[in-house]
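The values are calculated or read from the model by the stated rules, or taken from the named source; none is laboratory data. Just so you know, these numbers come straight off a predicted model, no measurement behind them. FYI the Cβ positions are ideal-geometry reconstructions off the backbone, even for glycines, and counts take in every protein chain you see. For the accessible areas, the whole protein counts, side chains as well, though only heavy atoms, and no ligand, DNA or RNA atoms are used. Shrake-Rupley method; radii C 1.70, N 1.55, O 1.52, S 1.80 Å.
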Amino acid sequence: MYFFGAYFTFHKELNDFLSKYQKDKTIFYKFNGKPSVKDSIEAIGIPHTEVEHIIVNGISVEFSCHIKNRDEINVYPLCSDIKCTNLIKLREEIGDAGFILDVNLGKLARLLRMCGFDALYNNSYDDHQIAQLAADSGRIVLTRDRRLLKFKDITYGYWLRSDDPHRQIKEVLKRYGLYGSINEFKRCIRCNGFIQRVDKNAIIDILEPLTEKYYNEFYRCDTCEQIYWKGSHYYKMKDYLDALM
Ligand SMILES: [Zn+2]
């Protein structure tokens with residue numbers, strides 16, 4: 001039996017996490033004791049990583065704030081039109097540590113690397129390894145699993161709305177404002193290492209005869225030594241990136 005209740009309103013894309021009966025409505029959340037606003041938001045179904053600002057009875061608060069009976073709570077994603085002064089930031093600004101991707105997002109990892117972004121991916125990671133790696137490095141977790149984003153060790157994360165990698169890449173570029181930072185020929189698509197220009201003579205022994213005959217500009221991955229050149233794959237990739245932008 002619950003003794004208390006608070007009124008939660010979730011704004012904009014936070015509604016993506018709510019059932020059709022809850023979307024764009026004020027939700028009466030029943031509770032006992034003094035739960036934190038963070039735990040209450042996650043109990044309703046929204047991972048803390050998606051939340052940017054919380055306003056309780058007109059005042060911006062931290063995740064650790066305890067909710068009280070009849071509180072009116074507005075919860076916002078990343079957006080600029082919040083009518084409240086003295087907005088509290090719930091976390092430090094994201095650094096440049098890059099992304100870590102959940103298992104089964106291998107295609108998205110390759111697309112991010114193709115755009116030149118640091119995308120750590122290994123399909124043998126379990127949830128706890130991903131959370132630990134993210135905590136240690138400050139990486140942003142990308143996942144289709146909203147349960148993973150509720151791990152307390154994860155500070156930065158994004159729940160991919162689509163399960164199509166070509167839509168996912170657009171979601172990520174938009175969410176993190178990365179359209180202007182795309183830089184092909186920077187990351188190895190296979191392993192996430194950096195690629196560098198390499199002299200043709202240094203690799204001539206391992207080139208296929210036709211590649212050796214027709215190409216002069218080569219790049220090599222620092223980590224796995226994969227060789228790249230501007231063949232037909234490159235022009236397909238270029239067309240893809242042009243369409244993306
Ligand atoms: Zn590599």
*Dipole magnitude of the chain about its Cα centre, charges +1 at Lys/Arg Cβ and -1 at Asp/Glu Cβ only, in debye to the nearest 20?*
640
*Using a simple charge model, +1 on the beta-carbon of Lys and Arg, -1 on the beta-carbon of Asp and Glu, nothing else, what dipole does the range 5-114 show about its Cα centre, in debye to the nearest 20?*
300
*Hey, got the Cα dimensions of the range 49-145 along the principal axes, in Å, largest first?*
45, 26, 21
_Solvent-accessible surface ranking, highest first, for 66, 48 at 1.4 angstrom_ = 66, 48
*Hey, what's the chain come to in accessible area per residue, 1.4 Å probe, Å²?*
57
*What Cys residues in the chain are without a partner cysteine, judged by a Cβ distance under 4.7 Å?*
65, 79, 84, 115
*Positive end of the charge dipole of the chain (Lys, Arg +1 and Asp, Glu -1 on Cβ, about the Cα centre): tell me which of 56, 154, 140 has its Cα farthest that way.*
56
*lysines whose Cα lies under 16 Å from that of residue 89, excluding same-chain neighbours fewer than 8 positions away*: 38
*How about residue 12: which aspartates and glutamates have a C-alpha closer than 16 Å to its C-alpha, ignoring those fewer than 8 places off in the same chain?*
24, 50, 52, 81, 171
_Spatially proximal lysines relative to residue 236 (Cα-Cα < 24 Å; intrachain offsets below 8 disregarded)_ = 107, 170, 174, 186, 200, 213
_Considering only protein heavy atoms and a probe of 1.4 Å, how much of the accessible area of the chain is carbon and sulfur, as a whole percent?_
49
_Sort 1, 245, 114 by heavy-atom solvent-accessible area, probe 1.4 angstrom, most to least._
1, 245, 114
*asked:* Order 160-171, 11-22 from most to least packed using the mean count of other Cβ atoms within 10 Å.
replied: 160-171, 11-22
